[in-house]
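The values are calculated or read from the model by the stated rules, or taken from the named source; none is laboratory data. Keep in mind that what you see is a predicted model, and the values were worked out from it rather than measured. Counting neighbours? That spans all protein chains shown, and the Cβs are built from the backbone with ideal geometry, glycine included.
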């Protein structure tokens, strides 16, 4: 395996572990957020920050794959959306799709949420709008995590066909 792919495999596996921590923190904060208390807003901020960090970390991984494996990083005003779409598609003779259509749909929603968090005050976030995303997060994260680790295994196997 080439050195950049070895580093990419290590980076994907390491980031997945870090992102798993953010998912746990977002879910824990949500559990506290839905309990009536004077600190409810602080927990909502934590949910928003951790979901923002989750998507940002995923986008970092996707950017590395686009640059190092595809050798084709989208640009322009819509590059965030195009990168996500690119990662969900097979690149013939290069790589399989990194994420499934189901994951694409959820991650696109998470991408839009990150944009919202960046552009509004968190006290304007409405729990009833976030609740469906948080409810789906454990199952979808498990799927995305498995897809990323399977892709890392694909890169590892491509570099060591004797395995």
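Observations
- Test for residue 88: is it modelled with pLDDT of 95 or more and under 16 Å from residue 136 (Cβ atoms): no
- Every residue from segment 87-121 that is crowded, with 16+ Cβ neighbours inside 10 Å and over 19 Å from residue 57 (Cβ atoms): 91, 95, 97
Residues checked against (1) within 13 Å of the chain's Cα centre (by Cα); (2) under 18 Å from residue 8 (Cα atoms); (3) modelled with pLDDT of 95 or more:
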{"residue": "33", "(1), (2), (3)": "no, no, no"}
{"residue": "82", "(1), (2), (3)": "no, no, yes"}
{"residue": "103", "(1), (2), (3)": "yes, no, yes"}
{"residue": "111", "(1), (2), (3)": "yes, no, yes"}
{"residue": "115", "(1), (2), (3)": "no, no, no"}
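- When each of 70, 75, 153 is tested for being within 30 Å of residue 3 (Cα to Cα) and in contact with a strand residue (DSSP E or B) (Cβ under 7 Å, 6 or more places away or on another chain), the lone residue that passes is 70.
- Failed item, numbered, when residue 44 is tested on (1) modelled with pLDDT of 95 or more; (2) surrounded by 16 or more Cβ atoms within 10 Å (Cβ to Cβ); (3) farther than 19 Å from residue 108 by Cβ: (1)
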